[in-house]
Amino acid sequence: MSNMIKTPEQALTIDTKTPYKNLRILFTTSKLPLSPLIKLVTWSKYSHIAIIINDKWVMHSDFNGVHIEPLEDLLGRSKTYMIAEYECIDSQAMIDEGIKLLGRPYDYGALIGILIRRIELQDDSKYVCSEFPAALAEFTNQAFFCTDYLHRITPQHWLMLPHIVLEIKQ
């Protein structure tokens, strides 16, 4: 966890430019025991997603909050993964917007809300993994989802959108 970037100021010390025109999302299934529960509750093949910035860095929200970390660190904690590409207007704008949100906390209330189907537990200043890229798309006027439902986005919802699978490890 020492390579974790949790503030916009720390992000200035790494390369946050993306070479990708479209949004690249890494879907993972963790080796941790909570992963099967998340998959069950969200009806998804994967328990976590992250935005791939470039071949070295990912940005995501997990129990450590919104942060950037080395891609290889996240892959090292993953049992299975898939990289998918989503057509968008400006992936760099989404990454730049995400950098502004570094350090925001994880939304435990939303996780519970998804489990018990109570959306009012959502906190707009916090993020779960799958709503984080959806919020960034909305903030940069390139929404993938109806904005009324951003608080209910799960990894499965991302999988149901048109995408191209670039790599998969089962």
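The values are calculated or read from the model by the stated rules, or taken from the named source; none is laboratory data. No experiment lies behind these values; they were computed from the predicted model shown. All Cβ positions, glycine included, derive from the backbone under ideal geometry; neighbour counts span all protein chains shown. Side chains are part of the model used for accessible areas, which takes the heavy atoms of the whole protein and leaves out ligands, DNA and RNA. Shrake-Rupley method; radii C 1.70, N 1.55, O 1.52, S 1.80 Å.
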The set of residues whose placed amide H lies less than 5 Å from the amide H of residue 62, leaving out same-chain residues fewer than 5 positions away, is 67
Given backbone amide H placed at 1.01 Å from N, residues whose amide H is under 5 Å from that of residue 30, ignoring those fewer than 5 places away on the same chain, are 47, 79
For the chain, the accessible surface attributable to carbon and sulfur atoms (probe 1.4 angstrom, ligands and nucleic acids excluded) amounts in percent to 57
Judged on accessible area alone, 1.4 Å probe, highest first, 96, 124 line up as 124, 96
Mean Cβ-within-10 Å packing, highest first, puts peptides 139-148, 16-25 in the order 16-25, 139-148
Sequence order, region 61-77: Karplus ³J(HN,Hα) from phi using 6.51 cos²θ - 1.76 cosθ + 1.60, θ = phi - 60°, Hz rounded, Gly and Pro as x, gives 10, 9, 4, 8, x, 6, 7, 10, 8, x, 3, 5, 5, 5, 4, x, 8
Looks like region 1-41, by Cα gyration tensor root eigenvalues a ≥ b ≥ c and the a/c under 1.5 rounded cutoff (else prolate when a/b is bigger than b/c, oblate otherwise), is oblate
Checked the chain with the C-alpha gyration tensor, a ≥ b ≥ c its square-rooted eigenvalues, rounded below a/c of 1.5, otherwise prolate if a/b is larger than b/c and oblate if not; verdict rounded
For the chain, the per residue accessible area (1.4 Å probe, Å²) is 51
Burial-style ranking of 51-57, 87-93, average other-beta-carbon count within 10 Å with highest first, yields 51-57, 87-93
